[in-house]
1. At A:A117 and A:R135, where each label point lies 7 Å from the Cα along Cα→Cβ, what is the point-to-point distance in nanometres?
2. Find how much the distance from A:S105 to A:S77 grows on full extension, using 0.36 nm per residue of separation minus their present alpha carbon separation; answer in nm with one decimal.
3. Measuring from centroid to centroid over Cα atoms, what is the spacing of the stretch A:5-56 and the stretch B:1-25 in Å?
4. Using only the C-alpha atoms of chain B, find the volume of their convex hull and express it per residue in Å³.
5. Among B:18-27, A:98-107, how do they line up by average Cβ neighbours within 10 Å per residue, starting with the highest?
6. Just how large is the dipole of the stretch A:3-135 about the Cα centre, in debye to the nearest 20, putting +1 at every Lys and Arg Cβ and -1 at every Asp and Glu Cβ?
7. Which FRET efficiency value, to the nearest 0.05, is calculated for A:S2 and B:E23 with the Förster distance at 30 angstrom and r the Cβ-Cβ distance?
8. With θ set to phi - 60° and the Karplus curve 6.51 cos²θ - 1.76 cosθ + 1.60, what are the ³J(HN,Hα) couplings of the stretch B:22-31 in order, to the nearest whole Hz, using x for Gly and Pro?
Amino acid sequence: MSKTLTFLLMDAPYEQSRTSTAFRLIDLALQAGHGVRVFAYEGAVCLPLMHQQPHANAIHGRTVEEESHPTPRTWVSALIELAKAKGLPFDWVNCGLCVDERGASETIPGVRRGSPADFWKMNLESVNTLVIPTR
Amino acid sequence: MSGYLLIESRDPFESKGFAQHCELALTLLGEGNSVTLFLVENAVLAARAAAKARDLDKLAKAGVRVLADKFALHERGIDARQVIAAVEPAELNALLAHLADGAKTLWN
């Protein structure tokens, strides 16, 4: 039975393994046919930044393609596309105050600006909410 | 009776939070709740027999179900044969199932 789950993320990209665990969980939730809502708070608002670019690795002599450096924005895009393909609700909300503090307003399509009030609504409308706190 | 899902992500040798989470699991169990402790990321280091971490044995004997993320074990080169009997290697899907069932969930 399809349910709705909410995830609150707080970590900025490229810093913690919590981010990849969170993405794995969200992907599994969609694969299982659940609707997903994500509230990105604090540094996590930088996860879907539009201008993230993969890079080469000069130290190891690898090109951009060989390095295959992951960008979190592509992971967010992949989740949005997966939800679309499965016809499941998916909502990614970036905390507006956190966005303004970081000048992080240029995000990929499918991400919207909101406030902690959105998180409250998401929580009320979900069977469960997982808060993944930063340390 | 409520179902609790405690997710532990911290290295037991780096953070007192691990032991405190184990204490919380026992307290919740003592109050008549069912409790599952799911180890992810560096917390799976406690599942190695060589780690001699007694907290997990104590939890399992008391009735807490202890699961460890297979992906995290694999990432750290921990073979299933190195994992203590008190801990059950599991896919992350098991954690998701608890969430979808509405377990009260706390991430450390």
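1. Between A:A117 and A:R135, the label points sit 3.6 nm apart.
2. Working: separation 28, 0.36 × 28 = 10.08 nm, distance 1.62 nm.
Result: 8.5 nm gained on full extension.
3. Using only Cα atoms to place each centre, the spacing works out to 23 Å.
4. Numbers: hull volume 8.6 nm³, N = 108.
So the per-residue Cα hull volume is 79 Å³.
5. Working: B:18-27: 18.1, A:98-107: 15.3.
Top of the packing list down: B:18-27, A:98-107.
6. Details: 13 positive and 14 negative charges, 80 e Å.
In total the dipole reaches around 380 debye.
7. Values: r = 36 Å, r/R0 = 1.22.
Efficiency for this residue pair is about 0.25.
8. Karplus values, whole Hz, x for Gly and Pro: 5, 4, 4, 4, 5, 5, 5, 5, x, 8.
Read-outs: derived from the displayed coordinates by stated rules, not from any lab. Because the structure is a prediction, the values reported are computed rather than measured. With ideal geometry, Cβ positions are generated from the backbone for all residues, glycine too; neighbour counts draw on all protein chains shown.
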